[in-house]
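Chemist: Right, I'll just put the structure down here and ask away after.
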Amino acid sequence: MRTRVVIGDDHEVIRQGLKSVLSGSGVEVVAVASTASEIRQQVQAQKPDVVMLDVRLSDDDGIELLSELRKSYPKIPVVMLSTFDNPTYVARSIAHGASDYLLKGSTRDEIVESLQRAAKGEPAPETSVMRQIQTSMERRRDRTVSPDNPLTNRERQVLRHIALGLSNKEIATSLGISVETIKEHVQNILRKLGSPDRTAAAVWAVKMGYLD
């Protein structure tokens, strides 16, 4: 059975290059689109098995569009595509429901495997950059701040998300809890660390190896 995919990318060279690469692979490109509105239209019209979506579109934030597509079409998986292996992009993609995160330098076999696994509802390959970041986000136990004033397991997890650049809303989505609860955790983290703001807390977390 062929895997039907809609590709959304604002660079024609990338769109046509992917069509060429995927030719004869078992993955059929049923449509390509360059803007957010075109992507929406093609997904609605084609109802593909999977969508491949650029992280940075010229007219929209690809990750925000990912969130919209996942809400509108929860049964259609989305694989993000990017030139950048920026941990923040990867973490945001995970929080908004991406099935995988591919770099544009990926091999044909890696792209085909990722799309086919996503279409089947299988997790991203172990070698995927997304799996590495996902493991870090899900890890609950880590260093304490001090014997007298440790962070709780949940606070460490929230701090790890902060260090990855996620907003309170994105952290709440990722962890499945309310934004108000996240705000409380952030306030507790800043107080315990003596940090003036979340940026300072993020810098501290990175220095302490919270993302290792």
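Chemist: Considering only residues that are surrounded by fewer than 20 Cβ atoms within 10 Å (Cβ to Cβ), out of contact with any helix residue (DSSP H, G or I) (no Cβ under 7 Å at 6 or more places or on another chain), of a type in the set (Lys, Arg) and in a helix (DSSP H, G or I), which ones fall in the stretch 100-134?
Modeler: ARG131
Chemist: Here is a follow-up. When only residues in the stretch 9-39 that are over 14 Å from LEU81 (Cα atoms) and in contact (Cβ under 8 Å) with a residue 40 or more places away in the chain count, which is surrounded by the fewest Cβ atoms within 10 Å (Cβ to Cβ)?
Modeler: Checked the stretch 9-39; the qualifying residue surrounded by the fewest Cβ atoms within 10 Å (Cβ to Cβ) is GLY26.
Chemist: Next question. If we keep just the residues of the stretch 163-190 that are of a type in the set (Gly, Ala, Ser) and part of a loop (DSSP other than H, G, I, E, B), which is surrounded by the most Cβ atoms within 10 Å (Cβ to Cβ)? Show your work before the answer.
Modeler: Going residue by residue through the stretch 163-190, those that are of a type in the set (Gly, Ala, Ser) are 163, 165, 167, 172, 174, 176, 178.
From what is left, the residues that are part of a loop (DSSP other than H, G, I, E, B) are 165, 167, 176, 178.
Values: GLY165: 17, SER167: 15, GLY176: 6, SER178: 11.
Within the stretch 163-190, the match that is surrounded by the most Cβ atoms within 10 Å (Cβ to Cβ) is GLY165.
Chemist: Okay, next question. Does the stretch 191-212 hold any residues that are part of a helix (DSSP H, G or I), hydrophobic (A, V, I, L, M, F, W, C) and either touching a residue at least 60 places away in the same chain (Cβ under 8 Å) or closer than 15 Å to ARG160 by Cβ (or both), and which are they?
Modeler: Answer for the stretch 191-212, where residues must be part of a helix (DSSP H, G or I), hydrophobic (A, V, I, L, M, F, W, C) and either touching a residue at least 60 places away in the same chain (Cβ under 8 Å) or closer than 15 Å to ARG160 by Cβ (or both): LEU193, ALA201, ALA202, VAL203, TRP204, ALA205, VAL206.
Chemist: On to the next question. When residues of the stretch 17-35 are filtered for being over 19 Å from GLU110 (Cβ atoms) and modelled with pLDDT under 95, how many remain?
Modeler: So the count comes out to 2.
Chemist: Inspect the stretch 40-56 for any residue being under 28 Å from HIS161 (Cβ atoms), at pLDDT below 95 and open to solvent by 10 Å² or more (accessible area, probe 1.4 Å) and give the result as yes or no.
Modeler: Within the stretch 40-56, one or more residues are under 28 Å from HIS161 (Cβ atoms), at pLDDT below 95 and open to solvent by 10 Å² or more (accessible area, probe 1.4 Å).
The values are calculated or read from the model by the stated rules, or taken from the named source; none is laboratory data. Here the structure is a predicted model, which is why all the values come from computation and not from measurement. Every residue, glycine among them, receives a Cβ derived from its backbone with ideal geometry; neighbour counts consider all protein chains shown. Just so you know, the surface numbers come from the protein's heavy atoms only, side chains and all, with ligands and any DNA or RNA stripped out. Shrake-Rupley method; radii C 1.70, N 1.55, O 1.52, S 1.80 Å.
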